[in-house]
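The values are calculated or read from the model by the stated rules, or taken from the named source; none is laboratory data. Computed from a predicted structure; not experimentally measured. Cβ atoms come from the backbone with ideal geometry, glycine included; neighbour counts cover every protein chain shown.
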Amino acid sequence: MKLTIYQVDAFANKVFEGNPAAICPLQKWLEDDVMQNIAAENNLSETAFFVPTDSGYRIRWFTPVHEVDLCGHATLAAAQVIFQHIEKDKSELHFESKSGILSVSKNSAVSDAASNVTKNAQRLVMDFPSQAPSVCATPQLIVDAFKTTALACLQSQDYIVVFDSVESVQNANPDMSLLRQLNLRGVIITAQDTRAESELDFVSRFFAPKYGIDEDPVTGSSFTQLIPYWSEKLDKNVLSAKQVSRRGGEVACEYKGERVSISGKAVQYLVGEIEI
């Protein structure tokens, strides 16, 4: 069996930025273990598979070690593949997923306040469910892993640890062996960007060693949790953010109550063929 595979850099204005995802279009589902093995072979943070349905597509995402319920950057990458190679005349796509219906549109109007993050680039806008976090005690594993005192700790799909500055987020070097023992998917660390020269509202990083991802370059699903938190904290619905990993990626955000808009660009890196 031969399958076409694409690799796309999501939340990137050019290749070698953002978060790379592998995308495998299918006409029918493969066995779960085959998809998991392909994801492990790709060894990227996510490999997405999708099949056509009557209303659009059904999408599933796999890390090198687990299937996950929601992934933003691989959804953005999958939409880029469909818009570029499969349905060039479409302006909006709908994906059925374990997290409900996810929509991705192109050429959408985006507020000027968020437009600085993708200047001169066509933007893809994802409509995702909001996952507002709730305040919790900071787990001792997190305290020990980061060796610092957080301003606050919250939880939703992941733990969200609020730091006092952009520099604290950038310089964090957690103990992955401790984070691997946490009960949730991963840990987001974040801080408000108060630098005078910056146009960003907040920054973040994401760690999920339990899922085979020590640090994810840009994590779309983390913003379903960060957007409602920072929207309330900063009293604004349109936000600009950056995930300050080594590769980095800038994200335009909008809070819409039960939904959030997460937008950026995706750039194709390669097209290949898998033989299994």
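Worth a mention:
- Some residue of the stretch 208-220 being buried (at least 24 other Cβ atoms within 10 Å of the Cβ) and in contact with an Asp or Glu (Cβ under 8 Å, 6 or more places away or on another chain): yes
- Summed over the stretch 186-225, residues that are over 18 Å from Gly249 (Cα atoms) and either under 13 Å from the mean Cα position of the chain (by Cα) or not in a loop (DSSP other than H, G, I, E, B) (or both) total 4.
- Single match in Gln155, Gln181 (criterion: on the phi < 0 side of the Ramachandran plot, among the polar types (S, T, N, Q) and touching a Cys at 6+ places or on another chain (Cβ under 8 Å)): Gln155
- Residues that are out of contact with any helix residue (DSSP H, G or I) (no Cβ under 8 Å at 6 or more places or on another chain) and of a type in the set (Ser, Thr, Tyr) within the stretch 215-265 comprise Tyr229, Ser231, Ser245, Ser261, listed in sequence order.
- Among the residues of the stretch 163-185, those identified as in contact (Cβ under 8 Å) with a residue 60 or more places away in the chain and either among the β-branched types (Val, Ile, Thr) or outside any loop (DSSP other than H, G, I, E, B) (or both) are Val166, Val169, Gln170.
- Taking the stretch 244-276 as the range and being more than 21 Å from Ser204 (Cβ to Cβ), acidic (Asp, Glu) and assigned to a strand (DSSP E or B) as the test, the residues that pass are Glu273, Glu275.
- Filtered by the rule that a residue be among the β-branched types (Val, Ile, Thr), surrounded by 15 or more Cβ atoms within 10 Å (Cβ to Cβ) and farther than 19 Å from Val244 by Cβ, the stretch 143-167 gives a lone residue, Val143.
- The one condition from (1) over 22 Å from Gln155 (Cβ atoms); (2) hydroxyl-bearing (Ser, Thr, Tyr); (3) touching a Pro at 6+ places or on another chain (Cβ under 9 Å) that Ser240 does not meet is (3).
- Any hit, the stretch 261-274, residues being closer than 27 Å to Glu41 by Cα and of a type in the set (Phe, Trp, Tyr): yes
- Residue tally, condition within 18 Å of Trp61 (Cα to Cα) and surrounded by fewer than 16 Cβ atoms within 10 Å (Cβ to Cβ), over the stretch 4-31: 5
- Residue check, Ser91 closer than 24 Å to Val271 by Cβ, among the hydroxyl-bearing types (Ser, Thr, Tyr), modelled with pLDDT under 95 and surrounded by fewer than 19 Cβ atoms within 10 Å (Cβ to Cβ): yes
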